[in-house]
Structures are given as structure tokens and as C-alpha cells.
Amino acid sequence: MSNCCGGVQEVSRIVYACGGCADVGEVSDQVCRKLRREGFAQASMSCITGIAAHMQPFIDTAKKASQVIVIDGCPVLCAKKVLEHVDISPVSYVLTQMGLEKGKTEVTSQVVNDISEKIKADLTGSK
């Protein structure tokens, strides 16, 4: 497996999104991709689905990270539970606890920017 798809390499921070089908799942995915593009998180596309499928290279990549962040859209916490199932305790963000409402959130660049800025500020201690 190549490094672009979960191969083990030195990483510092990895962020995973639930990617659920609701609007808040779409926001979680876009926020995750934005944080990667900006260099705030590891750019490798280690995905939560690979971990859920028990693919060892994906699990190893996550376990090697100094910080694992998960962005779930709603309180069901699917992505967080996938990580916990392989003994990874992530820093967890739930978009419905950050002011978004499942089924009523328009997916816009402004919403994505606002959430990503809140997460970055929280993780860096700058409010």
C-alpha cells in the first residue's frame, strides 16, 4: 500500500470525518479535507473506512499519529466508535454540539470555514 492511502509514515496529526450522508456528515468531510489542505493535519488520506474494515496499514497509520482528531456530524459518533474499536482514543468534535443542526444545516464554505477555525483554535489554545 502506498503512503497516499494509509501506508505507515511519520505523522503528527491525523483528522478523520464521519462522512455520514446527512448534511452534518458532509460538513465533517469538508472540514476534514480543508484542515488537510491547509497543512493543519496530515495530508495522507488514511480513511475511517479502512480502519473500520480492519485494514492494518490504516490502523497503524492512525496509531502512529501523535494526535488523532475525529469530526462526527451527530451524536451517534460513528467515526469515534470506529477508532475506539481499535483502541485509539481521539480528540472528538461533534458538529451538532458545535451549533449545527442535523437536517437543517446548509453546507456552505462559510459553515466549513467557521467550524474548521473553531477546531484549529481549540487545538492550538488560541480562542
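Read the figures in this text as sums done on the coordinates, not as results from a lab. Just so we're clear, the structure is a prediction, and the values are computed from it rather than from any experiment. Here Cβ is always computed from backbone atoms with ideal geometry, including for glycine, and neighbour counts include all displayed protein chains.
Summary of computed values
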read-out: Largest-first principal axis extents, alpha carbons of the chain, Å; value: 38, 28, 22
read-out: 58, 40 arranged by Cβ crowding within 10 Å, fewest neighbours leading; value: 40, 58
read-out: 3J(HN,Hα) from dihedral phi, segment 111-116, Karplus parametrisation 6.51/-1.76/1.60, rounded to Hz, x for glycine, proline; value: 4, 4, 4, 4, 5, 5
read-out: J(HN,Hα) series, segment 14-22, from Karplus relation 6.51 cos²θ - 1.76 cosθ + 1.60, nearest Hz, glycine and proline x; value: 10, 10, 10, 10, 5, x, x, 7, 6
read-out: Residue among 32, 78, 18 with the largest mean-square fluctuation in a Gaussian network model of the chain, springs linking Cα atoms under 10 Å; value: 78
read-out: Computed magnitude of the charge dipole of segment 9-117 (debye, nearest 20; Cβ of K, R +1, Cβ of D, E -1); value: 200
